[in-house]
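Below is one structure, written out as structure tokens; comments come after it.
Each reported figure results from applying straightforward, stated rules to the coordinates on display, with no laboratory input. Keep in mind that what you see is a predicted model, and the values were worked out from it rather than measured. Cβ atoms come from the backbone with ideal geometry, glycine included; neighbour counts cover every protein chain shown.
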Amino acid sequence: MELLVEVSGAASADVVSGARRWLLDEPELRGRVTLQRQPADPGTMSGELVGGLLIWLGSGSAALVTARVAANVLIAWLKARRGDVSVTVKGPGGTSGSVSASNVKGLSAADLDALVDRVAGLAARSEPVNDEQRARQDLREPENPDGC
């Protein structure tokens, strides 16, 4: 089982490399994180482009533990970032969710833990999903219009 992590923001290749370094600093993730390359658009002079990161999770319950470690690292990395950076995580069943640096900066410890659970939970949803379910899900809790 694997997760695809796409990072967007200014100088995306550098940003992806930064996220990769943070992930590889975690002993449980060493050897599990690879760059995903994609061909450049036809007619451009560049070679391959960095498309994101693939994180090999393993299988069974160990995969969920690895997913939680990866989610913790990604959210800590986002929290340390400046500027407009966002991460989209795609699970094995096609489920996905996005979170941005601006959304994690002011979160409490409990809210950060809940966000880690939601990101790691994408790995648990390995069943195929239909097109309606495949629509991107926002990982943040919906805002309560009543302010409660």
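Hey, with R₀ at 22 Å, roughly what FRET efficiency would GLU26 and ASP84 work out to, going by the Cβ-Cβ distance, to 0.05?
The calculated FRET efficiency here is 0.30.
Where does each of 100-106, 68-74, 25-31 land if you order them by average Cβ count within 10 Å, highest first?
Details: 100-106: 15.6, 68-74: 22.0, 25-31: 12.4.
Highest-to-lowest ranking by the protection proxy: 68-74, 100-106, 25-31.
Can you give the net charge of the other residues whose Cβ lies under 11 Å from the Cβ of LEU54, counting K and R as +1 and D and E as -1?
Its environment carries a net charge of +2.
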